[in-house]
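**Q** Pasting in a structure now, in structure tokens, and then I'll have a few things to ask.
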Amino acid sequence: MKARLLVLLLLVCGATSFSEAATRLQFSVWMRAIDNKTVSVQKHLAAGREAEALADARALQQLYADMAAFFERDYPAADAVAISRDGERLAAAIPVHLATGDAVGAAQAARAIALACNDCHDPYKPLP
């Protein structure tokens, strides 16, 4: 009986460590994807490629939602949640601006995302 409990405990601990490692890997992938999409959405907006800008904005919105969930669930940090929610809100604003013909507003929202990157990178990349 004790041996079974010990094996179960080891399996649970191992699964927890693996899950944390997978989440940290996802975090790194998300950060790179946000960086890439932040650059590409600005380029698409500047070139007038609205469809591509919309796709990037939607991807950014989802990435920031994933980051917010990560910082709520896996690595509690209220300031990082707030920064992620701000990024999500700004990304969501891009399609709204484009739908109303406000290319300047869309570009400003995309630029605000780019300018806010270090707010999160400085304290959380890489994770302490």
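**Q** For the residue pair residue 35 and residue 100, what label-to-label distance in nm results when each label sits 7 Å from Cα along the Cα-to-beta-carbon direction?
**A** 3.4 nm
**Q** Give me the distance between the Cα centres of segment 38-61 and segment 98-128, rounded to whole Å.
**A** 12 Å
**Q** For a protection proxy built on the mean count of beta-carbon atoms within 10 angstrom, sort 30-38, 116-124 highest first, please.
**A** On the way: 30-38: 17.6, 116-124: 14.6.
Output ranking for 30-38, 116-124: 30-38, 116-124.
**Q** Which value, in Å², gives the accessible area per residue of segment 54-128 when a 1.4 Å probe is used on the protein heavy atoms? Present the calculation step by step, with values, prior to reporting the outcome.
**A** Values: 3770 Å² over 75 residues.
Computed with neighbouring chains in place, this is 50 Å² per residue.
**Q** Right, next: Using only the heavy atoms of the protein chains and a 1.4 Å probe, how would 23, 100 rank by accessible area, largest first?
**A** Details: 23 15, 100 105 Å².
Reading off the accessible areas and sorting them downward yields 100, 23.
The values are calculated or read from the model by the stated rules, or taken from the named source; none is laboratory data. Here the structure is a predicted model, which means the values were calculated and not measured. Heads up, the Cβs are rebuilt from the backbone with ideal geometry, glycines too, and the neighbour counts pull from every protein chain shown. Accessible surface areas use protein heavy atoms only, side chains included; no ligands, DNA or RNA. Shrake-Rupley method; radii C 1.70, N 1.55, O 1.52, S 1.80 Å.
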